[in-house]
Amino acid sequence: MTRVIQNQVYDSQTQLDFSRYDSLADMIVSSCERYGDKNAFACLGKAISFRELERDSRAFAAFLQHNTQLQVGDRIAIQLPNISQFVIAAYGAIRAGLVLVNTNPLYTERELIHQFKDSGAKALVVLSDLLPILAKVVASTPIETVISTHPLDLIEPQIQPRTGLKNIEFTKVLELGRQLEFSEVELTLDDLVALQYTGGTTGLSKGAMLSHRNLIANALQCESRIGANLVQGEEIFVAPLPIYHIYAFLVNLVLYFERGALTVLIPNPRDIASLIKTLAKYPFTGFAGLNTLFVGLCHQQAFRELDFSHLKITISGGTALTEAAAKLWQQTTGCTISEGYGLSETSPVISLNAPGLERLGSIGKPVIETQVQILDGNDQPLPPGQAGELAVRGPQVMSGYWQKPDETAAVMTEDGFFKTGDIAIESEDGYHSIVDRKKDLIIVSGFNVYPNEVENVLARCEWVLECAVIGVEDERSGEAVKAVIVLKPEVDAAKAQAAIEAHCRAELAAYKVPKVIEFVAQLPKSTVGKILRRELRK
């Protein structure tokens with residue numbers, strides 16, 4: 001049975017109220033005071049209340065103030081998966097007036113050195129398992145303080161590897177910090193709170209400068225769009241996507257935290273069996289994921305047997321939601337998916353479908369106080385129905401890339417719109433649909449082919465589990481369409497190829513039909529679960 005949460009209006013507010021909080025630090029403390037002994041986060045079977053989180057983040061901040069050389073405005077990198085220590089460290093650093101540099105735990109030595117040198121990070125909070133590879137990184141960067149932790153430390157402190165690298169254990173930081181006096185830092189909404197590094201798909205990654213205002217604005221914008229469906233202090237939201245990614249950080253550490261929700265942190269969503277076991281323990285009301293995760297879960301019998309009677313909102317972002325995935329999720333859980341859209345540079349949400357008013361294939365309408373234009377090649381606005389580059393202006397848009405004025409200027413128009421690099425179309429009634437990334441566009445004999453369109457057609461084929469579409473060189477047409485496909489279990493590849501080709505010919509113009517089809521066991525994905533087309537192009 002499908003449950004539809006019907007919004008009476010698309011937004012519950014028409015403008016943002018910035019008088020609620022002076023800074024993100026103010027929001028953290030106010031929320032902890034408001035919800036007290038209610039549980040704020042749960043991870044690996046252990047919950048931490050809002051009151052405990054205030055205590056521990058204060059202790060962490062006090063340690064930074066007294067036992068390091070860090071000053072207000074300095075950068076601190078956090079290289080952790082979804083564990084409670086991430087939240088404590090992030091909130092503590094924010095309260096101490098530091099700037100977060102959220103860092104992927106799977107980064108290589110080269111990537112870490114670039115990010116830490118570029119950001120000027122002076123401190124690092126890191127998984128103890130990663131200590132052995134950090135000696136050269138620390139020696140090559142401004143990092144002065146290393147705080148290490150094992151995922152189980154808050155349940156039972158673990159023995160950490162001895163590497164010769166000077167570091168202090170997370171539990172010791174909290175122990176010492178509780179004995180120190182924390183001095184509250186005066187912060188404003190326009191102070192920098194995070195350098196959120198982009199994925200670097202076009203070269204070395206860049207740090208998007210995000211302020212307290214950016215993140216609070218985006219949380220309030222999302223609250224206006226979905227808040228009518230949230231009961232303050234009563235929601236249980238599952239967080240399988242990494243909170244070092246801006247999407248999950250905003251949703252879980254800002255929006256849902258401020259609403260008093262319990263967020264269930266999932267350290268390793270790729271362990272589907274463990275994720276499902278965790279889901280079975282909670283009457284969860286909200287879930288955020290993306291295409292590959294939705295499909296992967298729905299194909300598990302144990303997931304299909306869960307109780308979804310409390311689930312009332314599912315948010316999709318990070319990559320395009322296919323029609324097949326949306327329908328499969330709704331059939332399995334009874335809950336529709338509200339697809340949204342955003343980037344690191346926009347804190348991240350630009351657009352989001354209102355629950356109950358979803359339009360499949362669309363990213364919804366822009367959140368409040370957000371202007372979106374569809375631009376041609378000369379940065380001039382296009383009318384509805386024409387494809388062009390999506391550009392956005394609003395309080396959630398970054399102030400620029402860290403120490404990169406030329407790169408900043410390249411993505412900003414003269415009248416202050418940020419150019420996203422995504423091709424989109426606006427409908428007559430204000431909905432937007434992402435056609436594709438500009439850089440992923442395939443040109444076959446002068447015709448534009450958008451990989452997302454072909455992937456959507458392939459995803460509807462009964463033989464296909466996952467797929468990705470790229471362009472490859474072709475002597476006759478310049479480029480040709482190539483489909484890389486993961487078949488469902490026990491499907492014969494030879495039979496499948498003929499069926500897939502026939503399916504595509506029936507639904508696509510001839511120049512869009514894949515000329516090359518390759519079957520693989522799995523597709524390359526980022527830690528967030530995005531399919532990496534660039535890896536397939538290598």
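Could you list the chymotrypsin sites (Phe, Trp or Tyr not before Pro) in the stretch 1-110 that lie in coil according to DSSP, counting only those with at most 15 other Cβ atoms within 10 Å of their Cβ?
Of the chymotrypsin sites (Phe, Trp or Tyr not before Pro), the ones in loops of the stretch 1-110 whose Cβ has at most 15 other Cβ atoms within 10 Å are PHE18.
Set Lys and Arg Cβ to +1 and Asp and Glu Cβ to -1, take the dipole of the chain about its Cα centre, and tell me which of SER119, LEU375, PHE170 lies farthest positive.
The listed residue farthest towards the positive side: PHE170.
Place a point 7 Å from the Cα of THR413 along the Cα-to-Cβ direction; which residues of the stretch 357-387 have their backbone N under 13 Å from it?
371-384
In Å, what is the Rg of the alpha-carbon atoms in the stretch 1-108, and how long is Dmax?
Radius of gyration, then largest Cα-Cα span, for the stretch 1-108: 17.3, 58 Å.
Show me the three semi-axes of the equivalent ellipsoid for the stretch 91-172, from the C-alpha gyration tensor (sqrt of 5 times each eigenvalue), largest first, rounded to whole Å.
Equivalent-ellipsoid dimensions as semi-axes: 20, 17, 11 Å.
Only Lys, Arg, Asp and Glu count, each charged at its Cβ (+1, +1, -1, -1), so figure out the dipole size of the stretch 442-537 about its Cα centre, rounded to 20 debye.
So the dipole magnitude of the stretch 442-537 works out to roughly 200 debye.
Quick one: SER12, SER23, SER57, fewest Cβ neighbours within 10 Å first, how do they rank?
So the ranking, lowest neighbour count to highest, is SER12, SER23, SER57.
So which of LYS439/LYS538; LYS327/LYS512; LYS277/LYS525; LYS327/LYS525; LYS419/LYS439 end up more than 21 Å apart, counting from Cα to Cα?
Long pairs (Cα-Cα over 21 Å): LYS327/LYS512; LYS277/LYS525; LYS327/LYS525.
Rg to Rh ratio, the stretch 370-457, alpha-carbon atoms and Kirkwood radius?
1.00
Work out which helices of the chain, taken as complete DSSP H runs, extend at least 20 Å along their axis over the Cα atoms and score a mean Kyte-Doolittle of -1.0 or more, then list them.
Going by DSSP H runs, the hits are 50-67, 212-226, 493-507.
Calculate the FRET efficiency for GLU234 and ARG476 from the Cβ-Cβ distance with a Förster distance of 60 Å, rounded to the nearest 0.05.
So, using R0 = 60 Å, E works out to roughly 0.50.
So for the pair ARG270, LEU176, with labels modelled 7 Å out along Cα→Cβ, what separation do we get in nm?
3.4
Along the charge dipole of the stretch 396-480, which of GLY430, LEU458, GLY400 sits closest to the positive end, that is, farthest toward it, with unit charges on the beta carbon of Lys, Arg, Asp and Glu (+1, +1, -1, -1)?
Of the listed residues, the answer is GLY400.
For the stretch 442-537, build the charge dipole from Cβ charges (+1 Lys, Arg; -1 Asp, Glu) around the Cα centre, then report which of ILE443, ILE485, ALA509 sits farthest towards its positive end.
Among ILE443, ILE485, ALA509, the one farthest towards the positive end of the dipole of the stretch 442-537 is ILE443.
Could you check what % of the DSSP bridge pairs in the chain are antiparallel, to the nearest 5?
The answer is about 55 percent antiparallel.
Please list, by residue number, every one of the trypsin sites (Lys or Arg not before Pro) in the stretch 476-515 that is coil in DSSP and has at most 13 other beta-carbon atoms within 10 Å.
When the trypsin sites (Lys or Arg not before Pro) of the stretch 476-515 are filtered for loop state and at most 13 Cβ neighbours within 10 Å, ARG476 remain.
Only sites in a loop by DSSP and with at most 15 other Cβ atoms within 10 Å count here; which GluC sites (Glu not before Pro) in the stretch 482-538 make the cut?
Passing both the DSSP loop test and the Cβ count: GLU490.
Could you work out how much longer the chain between LYS538 and GLN497 gets when fully extended? Use 0.36 nm per residue separation minus the Cα distance between them, nm to one decimal.
Net length gain for the segment: 12.4 nm.
What number results when the radius of gyration of the stretch 442-537, computed over Cα atoms, is divided by 2.2 N^0.38 Å?
The value comes to 1.03.
Which log10 I(q)/I(0) values does the stretch 205-297 give at q = 0.11, 0.19 Å⁻¹ under the Debye formula, counting every alpha carbon as one identical point scatterer?
So the normalised log intensities are -0.34, -0.94.
What list do you get for ILE425, ILE155 if you sort them by fewest beta carbons within 10 Å?
Least to most surrounded, the residues fall as ILE155, ILE425.
So which aspartates and glutamates can LYS515 reach, going by Cα to Cα under 12 Å and dropping same-chain residues fewer than 8 places off?
LYS515 reaches GLU473, ASP474, GLU479, GLU501.
Between THR188 and ARG162, take the C-beta separation as r, use R0 = 56 Å, and let me know the FRET efficiency to the nearest 0.05.
0.85
How high is the FRET efficiency from LYS277 to SER427, r the C-beta distance, R0 30 Å, rounded to 0.05?
Once the sixth-power term is evaluated, E becomes 0.10.
Points 7 angstrom from Cα along the Cβ direction at THR527 and ASP307: gap in nanometres?
Between THR527 and ASP307, the simple spin-label model gives 3.4 nm.
Label points 7 Å out from Cα along the Cβ direction at LEU152 and LYS404: separation in nm?
The modelled label-to-label distance comes out at 4.0 nm.
Take the alpha carbon atoms of the chain, find their radius of gyration, then divide it by 2.2 N^0.38 Å using N residues; give the quotient.
Normalised Rg, Cα atoms only: 0.96.
What does the charge add up to near ARG34, with Lys and Arg as +1, Asp and Glu as -1, over the other residues with Cβ less than 11 Å from its Cβ?
0
Every read-out reported here was derived from the displayed coordinates using simple, explicitly stated rules and does not represent laboratory data. Note that the structure is a prediction, hence the values are computed from the model and not measured. Neighbour counts are summed over all protein chains in view; Cβ atoms, including those assigned to glycine, are modelled from backbone coordinates with ideal geometry.
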